[in-house]
Amino acid sequence: MLTWWRRRRRRRRLEQLDTSPGAWAEAWSDLPVLDGLHGDAGARLRRIAALLLDEKTWSPAAEFEMPPAAARTIALLAALPVLELGVDWLDDFETVIVYPDSFMAEFDDHDEATGVVHSIREARSGESWHRGPLVLSWADVRASRALDGFNVVLHEVAHKLDGADGDINGKPPLHRDMGVKAWSEVFLAAYEREVADVDAGRPTAMDPYATEAPEEFFAVATEAFFETPHELLDAYPEVYGQLAAFYRQDPARRLRAPYPA
Ligand SMILES: [Zn+2]
């Protein structure tokens, strides 16, 4: 990969892009998940978002008239997980497709036992294809702005990072100072506990969708890590620790803790 060349080209391109706080203020002020990102960190986030805005093809679907700030909102949210990793982690896709509302996905489900193939249609708020486009519903992005552990952009970007080693399995490529064994043990134990809690009807710190599969657990845990870090830290401190080591961020220090109930 001509990484050095791409980096040099990006540095030059950045000189032409507007990364001033003013240019991003409208979209930024709507996103409490970015609270506490001041100074250098804030400037870095705007640079990554500006590159995403510039380099990706933003493609409205279903005759959606995308509001001008929509792409900036999505770019800021997509930049957050890679703030300390670098924009090259999001190089595997070129297009962001934005629907006005949730969209219908059609796929075939092959039942191994009976050999029957079912055609399935279901409503989606987001989708991320391996090496393919990021697909989002604007209505769901808007609903993602509250700090409630639901954020469709963070969720789909987590799938992108997970798949960066070619395999979407709940484990992204880990940094050299991390261990595969520790990651796998922590996530497997947490996943099993989450499944048991959801099955027993106990309230959990995460959206129950996390129990669908280990890769969904990682994506949903990422949403919780950035949006409700204190709750995640309380319920799953080791998962929080692994995510902090991977994302190289500590949102629980950055965001204000909720008022104790
Ligand atoms: Zn998912």
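Every read-out reported here was derived from the displayed coordinates using simple, explicitly stated rules and does not represent laboratory data. Computed from a prediction, not measured in an experiment: that's the story for all the values here. All Cβ positions, even for glycine, are placed from backbone atoms using ideal geometry, and neighbour counts span all protein chains on display.
Taking neighbour Cβ counts within 10 Å as the exposure measure, how do His159, His175, His130 sort from fewest upward? Could the numbers behind the result be given before it?
Numbers: His159 22, His175 10, His130 13.
Arranged by neighbour count, lowest to highest, His159, His175, His130 become His175, His130, His159.
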As a footprinting exposure proxy, order Ser119, Ser184, Ser20 by other Cβ within 10 Å, with the fewest listed first. Ser119, Ser20, Ser184
Pull up the cross-link candidates among the lysines for Lys171, meaning alpha carbon to alpha carbon under 19 Å and not fewer than 8 places away within one chain. Lys160, Lys181
How much mean residue ellipticity at 222 nm does the chain get from its helices, if each DSSP H run of length 4 or more adds -39500 (n - 2.57) and you divide by all residues, to the nearest 500 deg cm²/dmol? -14500 deg cm²/dmol
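Take every Cα pair under 8 Å in the chain that's 6+ residues apart, average their separations, divide by the length, and report that relative contact order as a whole percent.
Relative contact order for the chain comes out at 16 percent.
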Based on the alpha-carbon gyration tensor of segment 169-261 and its eigenvalue square roots a ≥ b ≥ c, which shape applies: rounded if a/c is under 1.5, prolate if not and a/b is larger than b/c, or oblate? oblate
Hull volume per residue for segment 125-231, using the convex hull of the C-alpha atoms, in Å³ is 103
I need the Kirkwood Rh of the chain: take the reciprocal of the average 1/r across all distinct C-alpha pairs and report it in angstrom. 19.3
Treating only the Cα positions of segment 19-166 as identical point scatterers, give the base-10 log of I(q)/I(0) from the Debye formula at each q in 0.16 Å⁻¹. -0.86
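Among Phe225, Phe103, which comes first, second and so on when ranked by fewest other beta-carbon atoms within 10 Å?
Phe103, Phe225
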